[in-house]
């Protein structure tokens, strides 16, 4: 019989020690998540998807993993998305002029056709596909036009003290939550594009800001939390002073701070404020450039980004 050599493991071996420390760190994270799992189980979480996370293949993948993880541990995620850069790109390719007034895209009937095509026909299908690649048939795509989910109304914008016409741009003025609740009860993940039918003109569609649409949906669903993915680390009290970033802020404080914010942050923070004032316990802006930022926000004590509370 051949000699058998007994291999011994040195418990002080650097690689083994490092592996054990890494395993212990993962265990600590899992234990930390227990209380949050209990708090959020069976609760609805609305996530507004956008920014760099939408255009980076790697971040698209980690976003899908996060949403699927929420679903599997007992939360009820709902995704709302826009697609401003993609719309601009398609309008340029088609030679359709586009301009912004007061932070909103002026949307002509010709541009509205492109908005619907890009949001509902392209981006929505891509998000649904990325989720269903991980778990077939789990995600379902829809727009605010489907089954009366949203009702919109045209709006203008204040520019230099005057209201200017924005064309087919609107606000969500009513939500039919049963459309989403039916899908959640069936165990699906709804993915919603921010297009709404005009409640005043039959057959007309409106381009709706996705942050505002997500807030309106979160309020109507009585969601436990609204998460808005952004391309910044959080809200800064005194930008560009990076030391002034806020990890949390009350609705009252945010209301007072809102007029002084950079124009790009106002729609996102307004959405968080509207959600909390509408009864959603918490809303947060989260840096979508960080992989798995959604899980970090929900399941860790320190969270990530800036959270708005009542």
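The values are calculated or read from the model by the stated rules, or taken from the named source; none is laboratory data. Because the structure is a prediction, the values reported are computed rather than measured. All Cβ positions, glycine included, derive from the backbone under ideal geometry; neighbour counts span all protein chains shown.
For this structure, a couple of remarks:
- Hits in segment 117-139 - residues which are touching a strand residue (DSSP E or B) at 6+ places or on another chain (Cβ under 8 Å) and surrounded by 16 or more Cβ atoms within 10 Å (Cβ to Cβ): 119, 120, 123, 124, 127, 128, 131, 132, 138, 139
- For segment 240-260, residues that are in contact with a helix residue (DSSP H, G or I) (Cβ under 6 Å, 6 or more places away or on another chain) and crowded, with 18+ Cβ neighbours inside 10 Å total 1.
- Residue that is farthest from the chain's Cα centre (by Cα) [pool: residues in segment 76-94 that are crowded, with 20+ Cβ neighbours inside 10 Å and not in a helix (DSSP H, G or I)]: 76
- Where a residue in segment 103-116 is over 26 Å from residue 160 (Cα atoms) and its partner, wherever it lies, is in a loop (DSSP other than H, G, I, E, B), with Cβ under 8 Å and at least six apart: 110/96; 114/94; 114/96
- Listing of helices (runs of 4 or more DSSP H) fully contained in segment 203-310 that carry 1 or more residues being out of contact with any strand residue (DSSP E or B) (no Cβ under 7 Å at 6 or more places or on another chain) and closer than 23 Å to residue 150 by Cβ: 210-220, 266-277
- Number of residues in segment 163-181 that are in contact (Cβ under 8 Å) with a residue 60 or more places away in the chain, assigned to a strand (DSSP E or B) and at negative phi: the value is 4.
- Qualifying residue in segment 171-180 (condition: surrounded by fewer than 18 Cβ atoms within 10 Å (Cβ to Cβ) and modelled with pLDDT under 95): no
- Checking residue 102 against (1) touching a strand residue (DSSP E or B) at 6+ places or on another chain (Cβ under 7 Å); (2) exposed (fewer than 14 other Cβ atoms within 10 Å of the Cβ); (3) at pLDDT below 95, the condition it does not meet: (2)
- Considering the conditions (1) farther than 22 Å from residue 60 by Cα; (2) surrounded by fewer than 22 Cβ atoms within 10 Å (Cβ to Cβ), residue 289 is excluded by exactly one of them, (1).
- Boolean, residue 153 is under 28 Å from residue 69 (Cα atoms), surrounded by fewer than 18 Cβ atoms within 10 Å (Cβ to Cβ) and in contact with a strand residue (DSSP E or B) (Cβ under 8 Å, 6 or more places away or on another chain): no
- Total residues in segment 49-65 satisfying the condition of being at pLDDT 95 or above and touching a helix residue (DSSP H, G or I) at 6+ places or on another chain (Cβ under 6 Å): the figure is 2.
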